[in-house]
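Following: one structure in structure tokens, then a few remarks.
The values are calculated or read from the model by the stated rules, or taken from the named source; none is laboratory data. As the structure is a prediction and not an experimental result, all values here were calculated from the model. Here the Cβ positions follow ideal geometry from the backbone for every residue, glycine too, while neighbour counts run over all protein chains shown. Areas reflect the complete protein model, heavy atoms only, side chains present, ligands, DNA and RNA absent. Shrake-Rupley method; radii C 1.70, N 1.55, O 1.52, S 1.80 Å.
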Amino acid sequence: MKDTKMQKIEATSLEAQSANVAADNLAQLKALFPELVTEGPNGPAINMDVLKALVGDATVTDAEEKYGLNWHGKRAARQLALTPSTGTLRPCPDESVDWETTKNLMIEGDNLEVLKLLQKSYAGKVKLVYIDPPYNTGKDFVYPDNYQDNIKNYLELTGQAEGGQKISSNTEASGRFHTDWLNMIYPRLKVAKSLLDPAGAVMVSCDDNELSRLRIVMDELFGEENFVGQVIWQRSKKGDAKLIATVHEYIVCYVRDKAAVLAQGVWRLPKEGADEVLAKYTELKAELKSDHQAIRPAMMEWYRQLPEGDPRKSHKHYNWSDDRGLYFAADFAGPDDGRESRPRHDILHPTTGRPCKKPSTGWRWDEDKTNWALAQVPPRIHFGPDETTIPTRKSYLFEIDSEPFSSVFYRDGRSATLEVEELVGKGWFQFPKNTDVLAELIELTTKPDDIVLDFFAGSGSTGHAIYKVNAAHGSKRRYVLVQLPEPTGKEQFKTIADITRKRLREASAKLKRSGGAPLGDLGFRVFKLDHSNIRAWNPSPADLEATLFSHQDHLLDGRSENDVLYELLLKLGLDLCVPMERRTFDGKVVHAVGRGVLLACLSTTIASHDVEALAHGIVTWHDELAPAGDTTCVFRDSAFADDVAKTNMAAILHQHGIVNVRSL
Ligand SMILES: C[S@@+](CC[C@H](N)C(=O)[O-])C[C@H]1O[C@@H](n2cnc3c(N)ncnc32)[C@H](O)[C@@H]1O
């Protein structure tokens with residue numbers, strides 16, 4: 001017979017935990033090699049002798065000389081990434097924009113805890129992680145992770161709890177300068193990796209302070225084979241320095257799995273200005289009745305009058321045309337690699353019939369490819385007036401109107417600062433990132449419905465960039481931003497998270513005011529990190545009676561129904577923007593989340609005579625919703641008048657196919 005009892009969710013229950021990555025890893029290893037997992041003093045453990053036997057010579061020796069980067073605290077940092085979080089994310093509709101409809105998230109909190117809490121709902125779903133962490137300049141604040149109670153530590157540090165310590169920066173004098181930074185970045189990147197889609201990318205901004213260490217850490221976490229590029233972003237034209245003026249920083253890019261990324265296609269950006277050039281060409285072609293001799297000087301004249309620096313002008317070599325389109329006469333010579341074996345076949349001039357002059361390095365194409373190109377109508381080879389001019393290849397603009405992102409580019413920082421100043425005021429945020437650059441990275445690596453995560457959100461540039469991309473392309477990309485409520489010491493915006501929200505709100509309002517085409521989702525839901533709503537069972541031996549009494553209702557005081565509901569969502573692995581509905585049965589509010597995947601009645605009292613009407617209301621609604629998977633139904637444990645009421649509720653629901661019935 002099935003157990004129809006209502007199971008209580010305790011702070012230690014699986015449902016109350018964020019993902020336990022270590023336990024999952026152990027389970028996977030056990031499934032592959034059952035003999036590997038044995039009983040240790042603290043539960044299941046790996047038998048190292050069996051592991052060595054399984055992989056033979058491929059085990060790392062215990063010798064001290066191992067390849068890799070090591071620092072004090074690395075083991076603890078790795079462990080920290082695996083420890084489940086005891087926190088929750090509390091919804092803040094009042095600080096949000098378009099709470100009911102938006103799918104964007106702005107989460108206030110320490111990003112390591114938040115990333116852990118997001119594991120169940122977003123593992124494998126994020127297409128791009130872009131982060132701009134503190135560069136470790138000696139003035140940055142690097143938040144120390146306290147292994148004992150990270151959330152308590154976080155609340156104190158950010159001045160949200162009693163006895164808040166003063167936030168201090170990571171100075172070179174601390175003697176643990178790189179160590180502190182590595183202990184900060186390592187677990188965060190490790191947890192973030194599991195949120196990445198297999199075809200997802202991670203891009204990290206940094207400068208010379210930590211570049212070399214960051215590369216080694218990322219090689220370790222993502223695999224050297226998944227390194228994609230180290231982009232150099234020149235941010236100013238000249239700098240002042242005693243030796244070499246550094247005028248650039250970096251964006252280091254890795255992917256989760258290069259093969260999976262390539263299976264989805266190559267990363268390309270539209271060539272800036274190409275569409276406008278092609279539009280001008282079409283206009284001239286109509287005007288000059290496809291007379292290609294006349295179109296060329298007209299195109300060249302148009303390019304000439306464009307101002308210097310105009311992106312259209314960079315295509316000025318596209319000035320020839322034929323019936324296929326506008327093209328550039330590209331070099332047809334083989335590369336100067338000293339190879340004698342380069343193709344040197346004759347190419348006959350179409351008018352004189354004599355062999356054309358050959359480049360000293362031979363042709364780029366072999367005879368077959370040349371013949372194919374000549375046989376096309378119109379031919380894909382461009383000839384001069386007679387055989388004395390070396391022929392060239394026709395490279396059509398419409399065929400190559402996109403290009404890869406280049407590993408070096410220039411964009412000064414001033415416009416980004418002005419953009420933020422215009423929205424939140426002067427002097428609030430130093431060195432924000434340029435939203436146009438971020439928009440390009442987002443377009444390059446994501447598709448129209450993808451999720452982008454930035455867990456060092458700062459002024460919220462990544463969210464603003466998503467708004468711009470969606471407005472420009474009518475896409476539905478979503479963002480998840482995480483920002484520490486780092487105190488600013490000023491009244492108007494008490495924390496940096498306040499600045500993030502202000503910027504997002506203003507950016508959204510500005511785009512809304514601009515009107516025009518459908519702008520997409522310009523909202524965001526605010527959540528804040530806090531202790532779990534479920535009270536941990538810490539009996540006080542001195543006053544057992546009082547402890548027992550306070551655990552009658554093991555939900556924390558002062559927490560709302562919504563707080564509990566969203567914790568359930570997180571712990572059950574549902575999207576924080578999943579649709580929610582509510583209905584009232586027998587005066588009790590019931591919430592249906594994700595079209596009935598979760599049904600929750602968090603009413604504080606359920607008397608014996610309420611049970612039947614409430615249960616039947618839930619059952620009818622459940623049938624109506626017909627959820628695709630199993631439904632979990634949750635009540636407040638202390639609400640039931642007695643055990644009989646609780647058992648009856650579970651029994652009726654079980655009878656009607658709702659078998660996961662839990663109380664909190
Ligand atoms: C360099 S700024 C990011 C700037 C951002 N890209 C922009 O364009 O505005 C780094 C941000 O990370 C935040 N931060 C530092 N440690 C954090 C942590 N543990 N959790 C969340 N945010 C953190 C800092 O408060 C700071 O705002």
Taking a threshold of 25 Å on the Cα-Cα distance, which of the pairs Lys426/Lys468; Lys120/Lys447; Lys120/Lys494; Lys238/Lys494; Lys242/Lys433 fall above it? Lys120/Lys494; Lys238/Lys494; Lys242/Lys433
Counting only DSSP beta bridges with both residues in segment 554-663, what percent are antiparallel, rounded to the nearest 5? 50
DSSP beta bridges in the chain: the antiparallel percent, rounded to 5, is 60
Among Val452, Ile400, Phe431, pick out the residue whose Cα is farthest towards the positive end of the charge dipole of segment 331-452, where Lys and Arg carry +1 and Asp and Glu carry -1 on C-beta, about the Cα centre. Ile400
Please give the contour-minus-distance gain from Arg75 to Ser341: 0.36 nm per residue of separation, less the Cα-Cα distance, rounded to one decimal in nm. 90.2 nm
Percent of C-alpha pairs per 5 Å bin, segment 20-82, short to long: 4, 14, 18, 22, 22, 18, 3
Can you find, among Ile390, Leu556, Gly87, the residue farthest towards the positive end of the dipole of the chain? Put +1 on the C-beta of Lys and Arg, -1 on that of Asp and Glu. Ile390
For the residue pair Asp240 and Asn371, what label-to-label distance in nm results when each label sits 7 Å from Cα along the Cα-to-beta-carbon direction? 6.8
Between beta-carbons, use under 14 Å as the cut-off and find the net charge around Ala607, counting Lys and Arg +1, Asp and Glu -1. -2
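Between Lys357 and Ala472, what FRET efficiency follows from the Cβ-Cβ distance if R0 is 41 Å, with the result rounded to 0.05?
So the FRET efficiency works out to roughly 0.30.
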Using only the Cα atoms of segment 554-663, construct the convex hull and provide its projected area averaged over every direction, in square nanometres to one decimal. 6.4
Which of the peptides 132-141, 295-304 is most tightly packed, and how do the rest follow, going by the mean number of other Cβ atoms within 10 Å of each residue? 132-141, 295-304
Under 5 Å, built H, 5+ apart or other chain: amide partners of Leu555: Arg535
Compute from the Cα atoms of segment 270-401 the Rg and the Dmax, the latter being the longest Cα-Cα distance, and quote both in angstrom. 16.3, 48
Excluding same-chain residues fewer than 8 positions from Lys52, which lysines have a Cα within less than 26 Å of its Cα? Lys30, Lys66, Lys74, Lys190
Thr282-Ala53 pseudo-label distance in nm [points 7 Å out on the Cα-to-Cβ vector]: 7.2
Would you compute, for the Cα atoms of the chain, the largest minus smallest coordinate along each principal axis and list the three values in descending order, in whole Å? 106, 62, 57
Packing-wise, with mean Cβ within 10 Å as the measure, how do 570-577, 371-378 rank, highest first? 570-577, 371-378
Cross-chain or 8 or more residues apart, Cα under 23 Å: how many lysine pairs in segment 270-401 fit that? Count them up, please. 21
Rounded to the nearest 10, the angle in degrees between the Cα long axis of helix 561-572 and the longest principal axis of the Cα atoms of the chain comes to 60
Could you work out the per residue convex hull volume over the alpha carbons of segment 99-252, in cubic angstrom? 172
Sort 439-447, 91-99 for me by packing, meaning the mean count of neighbouring Cβ atoms within 10 Å per residue, highest on top. 439-447, 91-99
Around Asp436, under 14 Å between beta carbons, what's the net of Lys plus Arg minus Asp minus Glu among the other residues? 0
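Please compute the net charge surrounding Pro404, taking Lys and Arg as +1 and Asp and Glu as -1 over other residues with Cβ under 12 Å from its Cβ. Numbers along the way, then the final one.
On the way: positive: Arg268, Lys271; negative: Glu403, Glu440.
Here the charged neighbours net out to 0.
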Percent of accessible area on the chain owned by carbon and sulfur, 1.4 Å probe? 52
Expressed as a rounded percentage, what relative contact order does the chain have, with Cα pairs under 8 Å and six or more residues apart? 19
Nearest 10 degrees, 0 to 90: helix 177-195 Cα axis against the chain principal axis: 90
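Could you tell me the convex hull volume per residue, in Å³, taken over the Cα atoms of segment 175-254?
107
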